[in-house]
Structure formats: C-alpha cells, structure tokens
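These notes concern the structure reproduced below.
FYI, it's all coordinate maths here, none of it is from the lab. Everything quoted here is computed from the prediction, not taken from an experiment. Counting neighbours? That spans all protein chains shown, and the Cβs are built from the backbone with ideal geometry, glycine included.
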Amino acid sequence: MTLEFPLKKLLNTTPKHLAKLEALHVVTGRDLVEYFPRAVESTDVRSSFGAIEMDKKNTVGGLLCDFRLEKTARGRKIGKAALVLDDGVVMESVWFSVPYVLRNLRDESRVFLVGKVSRNYGKIQISNPEVHLDKTVHVGGVRAIYSESLPITSKWLREKMHGLLPLIQAHEYPEFLPASILEAESFLPRHEALKLIHAPTSVEAWNAARRRLAFEELFEIQLRVLQEKFLRQAEAENPFKVVFDAELVKQDLATLPFALTLAQKRVLFQILQDFQQPVAAHRLVQGDVGSGKTVVAFLAAAQMVRAGFQVAILAPTEILAQQHFEKAKQFFAHIDVGRTETPNLLGESNSGVVVELLTGSVTAKQKKDIKQRLVQKKVDVLIGTHALLTEDTVFHSLGLAVVDEQHRFGVAQRAILAENKSHVVSMTATPIPRTLALTIYGNQELSVINELPAGRKPIITRVVADDATERKMNLFIDDQCEKGRQVFWVCPLVEESEKIEAKSVLAEFERVRQIFAKRRVEYLHGKMRPAEKKQIMERFQRKEFDILVSTSVIEVGVDIPDSTVMVIENSERFGLSQLHQFRGRIGRNDLQSYCFLKVGKREDKQKIRLKAMERFTSGQKLSEIDLELRGMGEIYGVKQSGLPEFKVADISNLPLLESAKHWAEQILEADPHLEKHPLLAQRLQKQVVYFQ
C-alpha cells in the first residue's frame, strides 16, 4: 500500500464519508495527508481541581459515577453524571446530546472528558464534554484541529490520519528545497514536517512543521513569479530607449493647469528612468481613484511620442476609453513635440500628435482606416478597449503600452501588447497590500501614488442600517440636489433575483424616483448598449439629471466632477477595495462629499469592514483590513489574482514571505533556468500553473 492508492482501499469508512471527501477533492492517501489542520490544542490531562483552568476548555480525568438521563423543564432529555477527580473533588458533567459510549458504560469507569469547565449555581460543571475511555490520538498531548464538513470531523480525521502516518516516508516526499535553505532556516525534512503537522509532539513541533510547509508554498509561488522576471530581464532588450530629459519634462509640466503632487512626480520619474534602462519597463502604478494616474501616463507618453514611437492605452470599458480619448486630445493639444499640426480621423487639429479611438462602437470603415494609418506610423496614440488586441491591429513602432485597470484584463491579453518588446505600464486603483506586492505582482516594479491632489477633502462615510438614519439620509440628499449637487446610487444587481436578496437597479430606480419625486432620476447598467451608456453618462456630465441609479459599471473610470454623494445599496455584499473605488467616484473637486453605505440585512450593522470605511480613507489601509477579514480567495479570486489557495501558508506572514522571496532571488540570480536545481524545475513543471 502507498499513498497513491485511493482512499476507498486505504480507509475503513462509509460511502458517505468518501463522497464528502471527494467533494473536497480528497481522493487518494496523498490528498488526505495534504489536508492540513488549521490549529492545535493541548489535551494534557488534569486530574486534580488545582490544575483546572476555570472558564476554559480542559481535559480532565477521573471516575464517572451515577450516569442518568433527566428531563428539563421544557421536556428535553439531557445526560448527567458525577466525575470524581483524583483529589476527591466532584465535578458535575452535563450532556445536551448524549454520546453513544455512555449508554453501556459501567459505573465508576475511568474516563477522560474534554470540555469547558465553569461554575454553575455554586457547582463545578463541565458542559457537553467529549468522552474518551483511554489516552489515544484525542487525549493526553497536543492534537490537531481540522476544518470540518460533516460527516468529516476532526475526531474522524485524527483517527484516519493516524493509520496513514507510517506510509509517509522520505522516498514518498523527496526533498526539493536546496540544502542551503534547509540548513540556514533550520527546516525539518519534508516527510517529518508532514507527520508532525498531523500528529504533533508539542505545540513547538507543530509550529516548526507548519513553518516548513508554509515556506514551501510561498517559496514556490515566488519562484514562479520571479523566474518570469529574471528570464525577461536576461533575454529581453529595450529597442525603445528614451533618454531622460529634465528640461522637456518641465516644459510639459508647465502646460498643465494644475501642479502635480510629489507622489505623481516621483512615479513619473520612475517611469522615465525605466525608459532608458537596458531592459523594457514592466511597471505597475497603483493609486486611489482620483490620485492622477492618467496624467502621469500621458506625460510619459509625451516623451515616447517625442522620441518617434507610438503609444497604446488599453481601457476596460468604452466609457473609460472615450473619457481617456477626450482627455488625451486636450492634453496633447498643448504638448510641443516639434511637429506641424496634423488632423486625426475626426478632422480635429492638434499639436502634431495624432490621437485615435478604437472601440467596438467604431464603424468598420473607421477601424480599417485607423489600422492602416497605425501600421504606416500616422497614428501616435491609440486609445481603445479589447479591440486593440485583435490580430490585425498592428503598430509600426509601439514604444509604450499603458494598461488601465490591469486586473480587468488577463495576463495573456496584456502580454499581446508586450510582444512588441514595448515598455508596459499597468495602472490600477485596486489597493494592493504589501504581501500581494511581494507575490502576484512580484514580476513587476511597483509604484504607488499615495496622495490626492491639493484641495481634495476626505469623503465623510456613514453606515446606514436603520430606518431613522435612512430618512435623515434622504432629507440630506434632497438638500444636496437642491444645491446643484449630483448623486450616484449603486446597486449590486440589474434585475430582481429570488436567490439573492439584493437591490436591483430597475426596482431601486422606481423606488428612488418615488422618494425624490421633485428630482430627475435615471438608471444605468452593464446590459445596456454602449451607445446608450455613453449617452446617459454625457447627459449626467451636462447635469441634465440629479441622481443616477447604477450597477458597479461606474466602478472604473467615470468622472463626474459635480457628484458629491454616493449611496451604495447592500454594501455588505461588496469588498472594502471595491467600496473604496466606488467612493472614489465622488470628491473630484474642493466640495465636501459624502458616502452612505446602506446595509441590506440589519444584523450586518456591526460588520467590522463597513465600520472601517467610516474610519479610514486610505485604500492601502482598507486593503490590509479586507485581506485579514475576508481572505485571499474571496477578495481577489484564484483566477483573477493568480494566487493558489494556500493549504498552510498565511499570506499575511510578511517575515516568512520576505524570506521566501530572498531565497528565490538568490537561486534565480545564479541559476535562472533552474538547471542546477532539477527537482525544483520539475516541481514547477508538474504543479498547476497559476499564472495563466
């Protein structure tokens, strides 16, 4: 028998247990061994009253006497018995669900009970304890606690795992970590760590096993990410080298109607420094909504165009692409690149920089013309959606690709632009915790714009979880509309759903229109045609109506300067990072702005993460809280983030993460193809590729 055998041959258990394990993707002995416990607890036996910790879980040993069944005042059957400790102290034992083992137990049998001990009306009582007849894997030391899914319990897993431990041999789990790491980090051998994590001899031994296995997971993901970076740097070149010219940058900055923040200047400098390096830039710029990422991208693009290269700006939605197009025309109209004025496809004159828009709404004839002029180098800056990624969109000399809201595009989609060996600058408003910056974004250089333009006021945020507060909110919103302000009203769904009790756009539109009968109300959702969405947003920008009821389509890129109020229905259904991005749609001027987080279920009122929105305005801080409260998978999704679901590792364990990164860098610097580390190379090939 080996661990490769199916569990139905290895275990003596029921079809029901096997079916549940299969649902958990646990099919073989190896799968079960890699179903790791989430915690441990001590079950050292306490046989005297002086050793017992009151109001805590204890393992007590003694003689069980006078077991009986009694009825409560409400007619419920409970079990009661007296446990006599070794020092003669009597403890009352109560069971609300009577264990089967007690029904045939002889009086004054020696037992071990595991449960909470407390005082109850002057009596010392152990409530609803586990019953064990001898010291086994459950009693008398440190025992593993697993994530449970009935009928799979920690008790069942401990017993079954005990039978598999002899099969965990060194040849079954060959050591793939280099000896230098094992020695420097004092790691246990892999097969020993696997045994100790399930059957620890002490808490210290369990922690050592867990640390070894957690490092293994983090080290592997660091290798995957950093190998991509090392190989790119080793094999790539920079055919679009642009020498940094401070005077030209100052000249461009002077054309802006506002001054850049220090953070914007720092990030712009980092990008322009990248342009003159031997290897093409691969940088991610993170900044809160409204922090000014787009103008930094335009300023970088100006240097590239001035050097004779082309620029592509990829946006996730047509609304955002159109918005970038309008802003780019305004920006480049004032930028001197040493050319005579050249009209674009729409006949609009500029400073010689030709800016075009390529989206799904552009006519076939216009698309053909743009693509022909693109390959002839008659288009300098092309802004668009996924239409930029088609095979027949060919650039003459693409020097810079800017990907806005990079998490909306797959790695493969973004790579299409990078195939030109161009510089790639990705932008995102999604706050990135430091731990994520060290993992899934480790293959890119990271820049953070961590301050907002001068004059912006912090947005006041309030959780609305009762009818009285909601009435006050409605009166306040009506007053804001009276002052000429505009309101975003966000809902999770487009139409009513029986399965999900959340506000829909269409139903909420009717309700809001009734509440604010004197105000002009419109709605917007993702199922509308692009032309419809564009028309509604343009009308909202022209202040033709006061309140826009919308889905999360407004999360990315929409810019309505006069909007000062945001209402988010069912806010408990959104993560902190997403709520923070919604909130960033307002507060685009020097007026005070307000965000109201309505709670669908009143009992959700005290949710920590919603209260965090009231306290913090920093996207970075909120992302750390979100990561801690909700976990990696729920926030980012395995497919979206590229992160695996860790079995042992804790992504918030920064010291271990930095250690894994350090060792991965050391190995890859000396051996980027892992030719001297065949077991590591083999493991990376065999395991699931997370970064697709």
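Numbers for the structure displayed
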quantity	calculated
Three semi-axes of the equivalent ellipsoid, the range 507-579, Cα gyration tensor, whole Å, largest first	19, 17, 13
Gyration tensor verdict on the range 44-140 (Cα atoms; rounded if a/c is under 1.5, prolate if a/b is larger than b/c, oblate otherwise)	oblate
Contour minus Cα-Cα distance for Glu34 and Lys327 (0.36 nm per residue)	100.2 nm
Reachable lysines from Lys265, criterion Cα separation under 24 angstrom, eight or more residues apart if same chain	Lys241, Lys250, Lys293, Lys327, Lys329, Lys457, Lys621
Amide hydrogen neighbours beyond the local backbone of His282, cut-off 5 Å, H modeled	Val424, Glu445
Sites Gln376 and Lys57, calculated FRET efficiency, Cβ-Cβ separation with R0 51 Å, nearest 0.05	0.10
Net lengthening on full extension, Ser147/Ala73 (0.36 nm per residue, minus Cα-Cα)	23.1 nm
Of Gly122, Leu133, Val89, farthest towards positive along the dipole that unit charges on Lys, Arg, Asp, Glu beta carbons give the range 44-140	Gly122
Sequence-distant lysines (8 or more away, or on other chains) whose Cα lies within less than 18 Å of Lys8	Lys16, Lys20, Lys160
Paramagnetic reach from Arg539 (point 7 Å along Cα→Cβ, amide N under 18 Å) across the range 294-320	319
For Val549, distant residues with modelled amide H under 5 Å away	Trp489, Glu522, Tyr523, Leu524
DSSP-defined antiparallel bridges as percent of all bridges, the chain, nearest 5	40
Alpha carbon Rg of the range 103-189, scaled by the compact-globule rule 2.2 N^0.38 Å	1.66
Estimated 222 nm signal from helices in the chain, with DSSP H stretches of n ≥ 4 weighted -39500 (n - 2.57), rounded to 500	-11000 deg cm²/dmol
Under Karplus coefficients 6.51, -1.76 and 1.60, residue-wise ³J(HN,Hα) of the range 376-391 in Hz, glycine/proline x	8, 6, 9, 10, 8, 10, 10, 10, x, 9, 4, 4, 5, 9, 6, 4
Distant-in-sequence amide H partners of Ile313 (H built 1.01 Å from N, under 5 Å)	Leu382, Ile383, Gly384, Val402
Folded to 0 to 90 degrees: helix 654-670 orientation relative to the chain principal axis, Cα	60
Volume in Å³ per residue [convex hull over Cα atoms, computed for the chain]	213
FRET efficiency, Leu654 to Arg266 (Cβ-Cβ, R0 35 Å, nearest 0.05)	0.90
Simple Cβ-charge dipole of the chain, Lys/Arg +1 and Asp/Glu -1, about Cα centre, in debye nearest 20	1620
Stretchable slack from Ala82 to Val98, in nm (0.36 nm times residue separation minus alpha-carbon distance)	4.3 nm
Net dipole in debye of the range 44-140 [+1 Lys, Arg Cβ; -1 Asp, Glu Cβ; about Cα centre; nearest 20]	540
Listed residue (Ala199, Asn104, Ser447) projecting farthest to the positive dipole end of the chain, Cβ model	Asn104
Packing-based order for 158-165, 326-333, 18-25, using average beta carbon neighbours within 10 Å, highest first	326-333, 158-165, 18-25
Using alpha-carbon coordinates, inclination of helix 530-541 to the longest axis of the chain, degrees	80
Taking Thr390, Thr385 and counting other C-beta atoms within 10 Å, the order from fewest to most	Thr390, Thr385
Sorted by Cβ neighbour density within 10 Å, fewest at the top, the residues Ile383, Ile181	Ile181, Ile383
Rounded to 10°, Cα long-axis angle of helix 293-306 versus longest principal axis of the chain	50
Listed residues Met528, Ala670, Ala649: farthest to the positive end of the dipole of the chain (Cβ charges)	Met528
Ranked Tyr121, Tyr594, criterion: other C-beta atoms within 10 Å, fewest first	Tyr121, Tyr594
Proximal aspartates and glutamates to Lys378, defined as alpha-carbon separation beneath 18 angstrom and excluding residues fewer than eight positions away on the same chain	Asp336, Glu341, Glu348, Glu356, Asp369, Asp392
Simple label model, 7 Å out from Cα along Cβ direction - Gln514 to Glu41, nm	5.1
